[in-house]
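Asks: The structure is given below, and queries will be raised subsequently.
The values are calculated or read from the model by the stated rules, or taken from the named source; none is laboratory data. The structure displayed is predicted, hence computed values, not measured ones. Glycine gets a Cβ as well: all are built from the backbone with ideal geometry, and neighbour counts include every protein chain shown. Keep in mind that these areas ignore ligands, DNA and RNA; they rest on the heavy atoms of the full protein, side chains included. Shrake-Rupley method; radii C 1.70, N 1.55, O 1.52, S 1.80 Å.
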Amino acid sequence: MSVTLKPVPGPVRTEAGPSVASRRSGSPAALLASLLGFTVITIDVTAVNIALPDIRASLHGGMAGLQWVVDAYTLMFAALMLSAGALADRAGARRAYAWGVGLFTAASLACALAPGIGSLIAARVAQGGAAAIVMPASLALIRQAYDDPRRRARAIALWTVGGSAAVAVGPVLGGILTETAGWRAVFLLNLPVGAVILALLARTARSPRRPAPLDLVGQASAVLTLAGLAFAVIEGGHLGWTHPSVLAAAAVAAGSAYAFHTAEKRHRAPMVPLGLLRQRQVSVALAVGFAVNAGFYGVTFLLGLYYQQLRGMSGVTAGLMFVPLAAFVTGTNLVSPRLAERVGRRRVVVIGQAVLAVAMFALLPLAAHTPLWLVLVLLVPSGIGGALAVPALTAQLIDSVPGERAGTASGLLNSLRQTGGALSVALFGALLAGAGDTFSLPGMRVGLLVAGLTLCATTALAAWLLPRD
């Protein structure tokens, strides 16, 4: 994951009292707090995927309910990411981070105590909103703590590795906790972690605050657009695409999208400047980021169900099956920037997408009795493709916009990537639900085919429209 931070100007007003000194050599407490926060919000995605069958058995939710358990978190994360950075600026990084961690911890407790699928989904909405605050505030906290560019770069590298490690640890941890203590333990684990983070923040310097306008109309319409679209896709697969509630949700999504466009056009400081979207490099990068996450997160969602529902694996075994995939993701993330320096970012973005598209097509023959060693081999391109493309894509996007727009462009890319993941879960889940709301291999294959063809289209766009370097 590639990150760009805005420079902090000179003396500014702090949460209380005088300006924070800019000559900071580093704060281990701030770094550890940021690392733990990023790790726990990442684990919460991958660990919950493994717990889904047990959640279904415990709360008696169907496939649509399981999709919402995943997407309620991801959609709020994606939508609120657009303005969470402005909130961190207005409140100060430390205060915003504390708010985010506190809300995330409380929402995790609500998840663990949820008596039904509806209350669990509602708690997941709160978790996703909190995660959107945690992400940019954690980076701003590192920026505040490390004034020296080299030490700051090392701190951000550790932060990034923590997220990559969480992708590997999450499924295994989710499987172990689900098997030994039940699915509620997956959420209860966040409580002591949240307490540790808040204790570390008490030892962290107060953060500067800067005026940053909030685009509330644009933010609200963005949430409604994504929620309406996800509802239409998820429920359309279960109720039928012409069902009145599905058509109403689609209408809400369309109307909210129009309201969002109007709000961004009129707001004096829009969270998504429409001029950015008209730039060819930006629009192509956003399309690529959407497609890459749609493919990768769609595959991880369906495999968690495939391993347990079709292959009869325990949660622990299913979690361990994701370790090789996560190892390839982590290793390729480290290699991608160096490879881009040698052969060019555009070429790496194109190759990464092509590899991920091949992965979608390679998984099409997957069946109930496919040898496990072959399943792991077929997953290798999935671990390599997206991890190869995203760092180079992010760097190219940031270089294509003015410096003052770098943070906005990076936030927009991350939001579109999360949206791609959420909508792919909605689509894959709708296609997976066959007769009797059971796992459907034909539905899985249709989803993989759609993801692969989408990646082929964005691969062609990147090869044609991105500048040569």
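Asks: Yes or no: residue 142 more than 18 Å from the chain's Cα centre (by Cα), assigned to a helix (DSSP H, G or I) and β-branched (Val, Ile, Thr)?
Replies: Working: more than 18 Å from the chain's Cα centre (by Cα): yes; assigned to a helix (DSSP H, G or I): yes; β-branched (Val, Ile, Thr): yes.
Considered against the rule, which asks whether it is more than 18 Å from the chain's Cα centre (by Cα), assigned to a helix (DSSP H, G or I) and β-branched (Val, Ile, Thr), residue 142 comes out as yes.
Asks: If I go through the stretch 226-248 residue by residue, how many of them are assigned to a helix (DSSP H, G or I) and free of Cβ contacts under 8 Å to residues at least 60 places away in the same chain?
Replies: Of the residues in the stretch 226-248, the ones assigned to a helix (DSSP H, G or I) are 226-239, 244-248.
Checking which are free of Cβ contacts under 8 Å to residues at least 60 places away in the same chain leaves us with 228, 231-232, 239, 244-248.
Residues meeting the conditions: 9.
Asks: Residues of the stretch 180-232 being at pLDDT 90 or above and basic (Lys, Arg), which ones?
Replies: Answer for the stretch 180-232, where residues must be at pLDDT 90 or above and basic (Lys, Arg): just 184.
Asks: Here's something else I'd like to know. What number of residues in the stretch 396-448 are of a type outside the set (Ser, Thr, Tyr), modelled with pLDDT of 75 or more and either within 13 Å of residue 78 (Cα to Cα) or open to solvent by 30 Å² or more (accessible area, probe 1.4 Å) (or both)?
Replies: So the count comes out to 19.
Asks: OK, next. Go through (1) open to solvent by less than 30 Å² (accessible area, probe 1.4 Å); (2) farther than 21 Å from residue 450 by Cβ; (3) of a type in the set (Ser, Thr, Tyr) and name the single condition residue 314 misses.
Replies: (1)
Asks: OK, next. Within the group 349, 375, which residue is touching a helix residue (DSSP H, G or I) at 6+ places or on another chain (Cβ under 7 Å) and either in a helix (DSSP H, G or I) or open to solvent by 30 Å² or more (accessible area, probe 1.4 Å) (or both)? Show your work before the answer.
Replies: On the way: 375 fails: touching a helix residue (DSSP H, G or I) at 6+ places or on another chain (Cβ under 7 Å).
Residue meeting the stated conditions: 349.
Asks: I'd like the full set of residues that are in contact (Cβ under 8 Å) with a residue 60 or more places away in the chain, of a type outside the set (A, V, I, L, M) and open to solvent by 30 Å² or more (accessible area, probe 1.4 Å), limited to the stretch 269-295. Before you say what the answer is, go through the steps one by one.
Replies: If we filter the stretch 269-295 for residues that are in contact (Cβ under 8 Å) with a residue 60 or more places away in the chain, which is where we start, we get 271-273, 276, 279-282, 284-295.
From the residues that got through so far, the ones that are of a type outside the set (A, V, I, L, M) too are 273, 279-281, 289-290, 293, 295.
Within the stretch 269-295, 279, 280, 281, 290 qualify.
Asks: Further question: Looking at 64, 166, 155, 96, can you tell me which residue is closer than 27 Å to residue 269 by Cβ and either assigned to a helix (DSSP H, G or I) or open to solvent by 10 Å² or more (accessible area, probe 1.4 Å) (or both)? Can you show your working first?
Replies: On the way: 64 fails: closer than 27 Å to residue 269 by Cβ; 166 fails: closer than 27 Å to residue 269 by Cβ; 155 fails: closer than 27 Å to residue 269 by Cβ.
Result: 96 is the single residue among 64, 166, 155, 96 that is closer than 27 Å to residue 269 by Cβ and either assigned to a helix (DSSP H, G or I) or open to solvent by 10 Å² or more (accessible area, probe 1.4 Å) (or both).
Asks: To continue, here is another question. Specify which of the listed residues (206, 268) is in contact with a strand residue (DSSP E or B) (Cβ under 6 Å, 6 or more places away or on another chain) and assigned to a loop (DSSP other than H, G, I, E, B).
Replies: Checking each option against the conditions leaves just 206.
Asks: Right, next: Is at least one residue of the stretch 237-252 of a type in the set (Val, Ile, Thr), out of contact with any strand residue (DSSP E or B) (no Cβ under 7 Å at 6 or more places or on another chain) and modelled with pLDDT of 90 or more?
Replies: Looking only at the stretch 237-252, we keep the residues that are of a type in the set (Val, Ile, Thr), and these are 242, 246, 252.
Keeping just the survivors that are out of contact with any strand residue (DSSP E or B) (no Cβ under 7 Å at 6 or more places or on another chain) gives 242, 246, 252.
The next check asks that each one be modelled with pLDDT of 90 or more; those that pass are 246, 252.
Yes, the stretch 237-252 contains at least one residue that is of a type in the set (Val, Ile, Thr), out of contact with any strand residue (DSSP E or B) (no Cβ under 7 Å at 6 or more places or on another chain) and modelled with pLDDT of 90 or more.
Asks: How many residues are in contact with a Leu (Cβ under 9 Å, 6 or more places away or on another chain) and surrounded by fewer than 16 Cβ atoms within 10 Å (Cβ to Cβ) if we restrict to the stretch 192-232?
Replies: Count: 3.
Asks: Another question about this same structure. Would you say residue 295 is in a helix (DSSP H, G or I), closer than 30 Å to residue 380 by Cβ, within 19 Å of the chain's Cα centre (by Cα) and modelled with pLDDT of 90 or more? Break it down into steps so the answer makes sense when it comes.
Replies: Working: in a helix (DSSP H, G or I): yes; closer than 30 Å to residue 380 by Cβ: yes; within 19 Å of the chain's Cα centre (by Cα): yes; modelled with pLDDT of 90 or more: yes.
So residue 295 passes the test.
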